[in-house]
Amino acid sequence: MTVVGILKADSVLDDLKPTHGDYSDMFTRILSASARPCEVKVYDVEHFEYPSDLDACDGYLITGSKRSVYEEAPWIQRLGDFVQTLHQAKKKLVGICFGHQLVAHVLGGKTEKSDRGWGVGRHETQLLVDLNSDAIAGTQFSLLSSHQDQVSQLPESARVLAQSDFCPIAGMLIDQHILTLQGHPEFDTAYAHALLQIRRAAVGEANYEAATASMLQSPDQARVADWILRFIEGDAA
């Protein structure tokens, strides 16, 4: 059975947690619902929890966070060191939103605030390279997003995996061991809408209305969860 280590880089707001759970709960739900059996272990990296052995898990997944990867918080710097350790060991690593941006930031790329403002709602995204036999270049998928920062420059040896109209680098691949995505496969529409309501003033009314309309269609949560597990298992195209 595949063991996935969730590196939890944030917590859901207290008002939303009773209904939606924490971010680690969301990832556990979508990964456990896959036809591919897996076990999930959670490490609260905001409080410096890490595995004692890299091989405690087959692969690791960095969650999103409200923080920015270029902040000088000690826990972010420690997580960046862990990313470099995983990279050097060629251990499987998946980065989501903040995780995607952190991988770029610490491996020589660049993350910065987008001049287009907030990216919110359901974003149609296209794969640019083959990921596995069911996810080849040209495949369209959608994920829910909520971010201001974007990866603006790739790290060395990285390839652009996916792009959307809003985000030119909506995913990256580094060799066969790192996969990142800007969108949130763990977000369902109910949670994304609740978070959007809280951020309504920050994102602006036009963005809010467009994002709300985009969420009338469901995102591809299960499909992307399957891609993540296949990647960690080593199932390449």
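Things to note:
- Take every Cα pair under 8 Å whose residues are at least 6 apart in sequence, average their separation, divide by the length of the range 161-237, and the relative contact order is 25 percent.
- Relative contact order of the range 2-233: 21 percent, from C-alpha pairs under 8 Å at least 6 residues apart in sequence.
- Highest-fluctuation residue, ALA222, ALA162, ALA56 considered, GNM on the chain with Cα pairs under 10 Å: ALA56
- The spacing between the range 94-115 and the range 117-170, judged by their C-alpha centroids, is 12 Å.
- Inter-label distance, nm, simple model (7 Å from Cα along the C-beta direction), ILE198/ASP55: 4.0 nm
- Pairs of Cα atoms farther than 19 Å apart, the range 123-192, %: 32 percent
- Adding -39500 (n - 2.57) for every DSSP H run of four residues or longer, then dividing by how many residues the chain holds, sets the calculated 222 nm ellipticity at -9000 deg cm²/dmol.
- Here is the P(r) of the range 57-129: all C-alpha pair distances, binned every 5 Å from 0, give 3, 13, 23, 26, 17, 11, 6, 0 in whole percents.
- Convex hull volume per residue in cubic angstrom - Cα atoms of the range 36-95: 97 Å³
- Inter-label distance, nm, simple model (7 Å from Cα along the C-beta direction), SER11/ALA190: 2.2 nm
- Extension reserve of the ARG78-LEU216 stretch, reckoned as 0.36 nm per residue once the Cα distance is removed: 45.8 nm
- The chain: mean projected area of Cα convex hull, nm²: 11.7 nm²
- Trypsin sites (Lys or Arg not before Pro) restricted to the range 81-136 and DSSP loop, no more than 12 other C-beta within 10 Å: LYS90, ARG116
- What the Cα atoms of the range 20-151 give is an Rg and a Dmax of 15.5, 41 Å.
- The simple Förster model, with R0 at 35 Å and r as the Cβ-Cβ distance, assigns ASN132 and HIS47 a FRET efficiency of 0.55.
Computed from the coordinates by the stated procedures, all read-outs in this text should not be read as laboratory data. Model, not experiment: these values are computed from the prediction. FYI the Cβ positions are ideal-geometry reconstructions off the backbone, even for glycines, and counts take in every protein chain you see.
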